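Engineer: One structure follows; several queries about it will come next.
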Amino acid sequence: MALNWVEIDLAALRHNFLQVRARVGSRAGILAVVKSDAYGHGMVPVARELAAAGADFFGVSKCWEALKLRAAGIAQPILILAGIEPEDLPHVVEKDLRPAVYRLDHCRMLEEASRHAEKRARIHLKIDTGMGRLGVPDRELGPFLDQLAGLRHLEIEGVFSHLATSDEADKTFSHEQLHRFRTALQMFHDRAIPFRYAHIANSGGVLDIPEAHHQLVRPGIMLYGSAPSDEIRDPAPLQPVMTLKTKILQIKWVAAGQSIGYGRTFVCPQDMRIATVAAGYDDGYPRALSNRGEALVRGRRAPIVGRVSMNLITLDVTHIPEAAEDDEVVLLGAQGSERITAEEIAEKAGTINYEIYCAVGKNPQRLFRNRTNGLA
């Protein structure tokens, strides 16, 4: 076993997917967002589990991620959320990928590639209804559609946008975005431009804004066991999927007055029993939790003392006399009746749960747990 490792609970992942299905019923398909290595959880194993659970689409950020899923046998439609570059065009056409489009020059290049291949490319047109990032501004949509209508080798399969504040208690701006989105969809109808899917609901929209579900929803963070924020009005009973574990390398008594770690930021107020564990910021654990975070040892919380360094963390286990060298330690996840969540870590580190998952998930020692078959 490695000195530290990440465990991914695929049964919890499936449970969370079924919570999405329970919210949207049969009215909407589910586009599972697995970009950025499934938020650090392992894109290919996660996608395989979700495909088996009934995911209708997958969402990635970049073309190479979509190609990796295709190579792994994922047959469902894959939406490339950030769009495409010229070098992606042959792959998009050959592998039947769905690019997000928001630039006419990209549409024209894709039209030419599709014409040359004697195929039609299916696209999802992104509309900016207030996020202010990618997308055709809703006020400029009419002229864009008039130009797009002449590209005969492109099929508008989907029209979508993205909610900026669906995870906030105040839904005023979300409803303004929904109004703009519906107005944009009407422009398609007015021009007799068909499309199959409208989609705008991210995890916050899935949970709190049922009128945003349309024909597809795009859950991301909730698949991995977290609500997008603590302001969600109607949370679901989600199960955390990721655990970060390590082990105790050494335990020793450190005398009162002696300092621990870089910068001598912690000085023992009395004789203390200190455990050094094999993890650090190189493993995605935030340095900001120096002298602030906690770990689980023998099912009890042990404070971090001193600075989190690149590969090592020191814990106060004076109150856990049974703690022993080589014991398993949990930095993120559950042990016994205690649990340390990504939300707790993020709050102490001054960030968000998304960043914690993405950072911790880069650990090369990642094990996938199925409750039937154990770790693999």
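Engineer: Kindly indicate which of VAL308, VAL329 is free of Cβ contacts under 8 Å to residues at least 40 places away in the same chain, buried (at least 21 other Cβ atoms within 10 Å of the Cβ) and within 19 Å of GLN365 (Cβ to Cβ). Working first, answer last.
Structural biologist: Values: VAL329 fails: free of Cβ contacts under 8 Å to residues at least 40 places away in the same chain.
Only one candidate passes the filter, namely VAL308.
Engineer: Identify, by number, the condition in (1) within 28 Å of GLY257 (Cα to Cα); (2) of a type in the set (D, E, K, R); (3) in a helix (DSSP H, G or I); (4) free of Cβ contacts under 8 Å to residues at least 40 places away in the same chain that GLU344 doesn't meet.
Structural biologist: (1)
Engineer: When you look at ARG122, is it part of a helix (DSSP H, G or I) and basic (Lys, Arg), yes or no?
Structural biologist: The answer is no for ARG122.
Engineer: For the structure I just gave you, tell me whether ALA198 is surrounded by fewer than 24 Cβ atoms within 10 Å (Cβ to Cβ), part of a strand (DSSP E or B) and either touching a residue at least 24 places away in the same chain (Cβ under 8 Å) or in contact with a Lys or Arg (Cβ under 6 Å, 6 or more places away or on another chain) (or both). If you could, list the steps in order and put the result at the bottom.
Structural biologist: Working: surrounded by fewer than 24 Cβ atoms within 10 Å (Cβ to Cβ): yes; part of a strand (DSSP E or B): yes; either touching a residue at least 24 places away in the same chain (Cβ under 8 Å) or in contact with a Lys or Arg (Cβ under 6 Å, 6 or more places away or on another chain) (or both): yes.
The answer is yes for ALA198.
Engineer: Additional query: Looking at this structure, is LEU367 more than 17 Å from ALA275 (Cα to Cα), in contact with a strand residue (DSSP E or B) (Cβ under 6 Å, 6 or more places away or on another chain), in contact (Cβ under 8 Å) with a residue 12 or more places away in the chain and in the same structural domain as ILE251 (by TED's automatic domain parsing)? Let's see the steps before the verdict.
Structural biologist: Numbers: more than 17 Å from ALA275 (Cα to Cα): yes; in contact with a strand residue (DSSP E or B) (Cβ under 6 Å, 6 or more places away or on another chain): yes; in contact (Cβ under 8 Å) with a residue 12 or more places away in the chain: yes; in the same structural domain as ILE251 (by TED's automatic domain parsing): no.
Answer is no for this residue.
Engineer: Quick one: in the range 237-271, of everything that is assigned to a loop (DSSP other than H, G, I, E, B) and of a type in the set (S, T, N, Q), which residue is surrounded by the fewest Cβ atoms within 10 Å (Cβ to Cβ)? Walk me through how you get there before you give the answer.
Structural biologist: Going through the range 237-271, the residues assigned to a loop (DSSP other than H, G, I, E, B) turn out to be 237-241, 255-258, 261, 265, 268-271.
The next check asks that each one be of a type in the set (S, T, N, Q); those that pass are 239, 258, 265, 270.
Details: GLN239: 15, GLN258: 14, THR265: 13, GLN270: 9.
Across the range 237-271, the extreme among qualifying residues is GLN270.
Engineer: In contact with a Phe, Trp or Tyr (Cβ under 6 Å, 6 or more places away or on another chain) and of a type outside the set (A, V, I, L, M) - does that describe any residue in the range 45-54?
Structural biologist: yes
Engineer: Please determine whether any residue of the range 100-114 is of a type outside the set (A, V, I, L, M, F, W, C) and under 21 Å from the mean Cα position of the chain (by Cα).
Structural biologist: Filtering the range 100-114 down to residues of a type outside the set (A, V, I, L, M, F, W, C) leaves 102-103, 105-106, 108, 111-112, 114.
The next check asks that each one be under 21 Å from the mean Cα position of the chain (by Cα); those that pass are none.
Scanning the range 100-114, I find no residue that is of a type outside the set (A, V, I, L, M, F, W, C) and under 21 Å from the mean Cα position of the chain (by Cα), so the answer is no.
Engineer: Which ones in the range 286-308 are in contact with a Ser or Thr (Cβ under 9 Å, 6 or more places away or on another chain) and not in a strand (DSSP E or B)?
Structural biologist: Matches in the range 286-308: PRO286, ARG287, ALA288, SER290, ASN291, GLY299, VAL305, GLY306, ARG307, VAL308.
Engineer: Shifting gears a bit: Just need a number here: residues in the range 180-227 that are over 22 Å from the mean Cα position of the chain (by Cα) and of a type in the set (A, V, I, L, M, F, W, C).
Structural biologist: Going residue by residue through the range 180-227, those that are over 22 Å from the mean Cα position of the chain (by Cα) are 180-197, 211.
Filter again for of a type in the set (A, V, I, L, M, F, W, C), leaving 181, 184-185, 187-188, 192-193, 195.
Number satisfying all stated conditions: 8.
Engineer: Can you report the number of residues in the range 250-285 which are within 20 Å of VAL360 (Cα to Cα) and in contact with a Ser or Thr (Cβ under 7 Å, 6 or more places away or on another chain)? Can you show your working first?
Structural biologist: Looking only at the range 250-285, we keep the residues that are within 20 Å of VAL360 (Cα to Cα), and these are 276-285.
Then drop every residue that is not in contact with a Ser or Thr (Cβ under 7 Å, 6 or more places away or on another chain), which leaves 276-280.
Residues that pass the stated criteria total 5.
Engineer: Regarding the range 145-157, can at least one residue be identified that is closer than 22 Å to GLY59 by Cα and within 27 Å of the chain's Cα centre (by Cα)?
Structural biologist: The answer is yes, given that some residue of the range 145-157 is closer than 22 Å to GLY59 by Cα and within 27 Å of the chain's Cα centre (by Cα).
The values are calculated or read from the model by the stated rules, or taken from the named source; none is laboratory data. Everything numeric here is computed off the predicted structure, so don't read it as measured data. Heads up, the Cβs are rebuilt from the backbone with ideal geometry, glycines too, and the neighbour counts pull from every protein chain shown.
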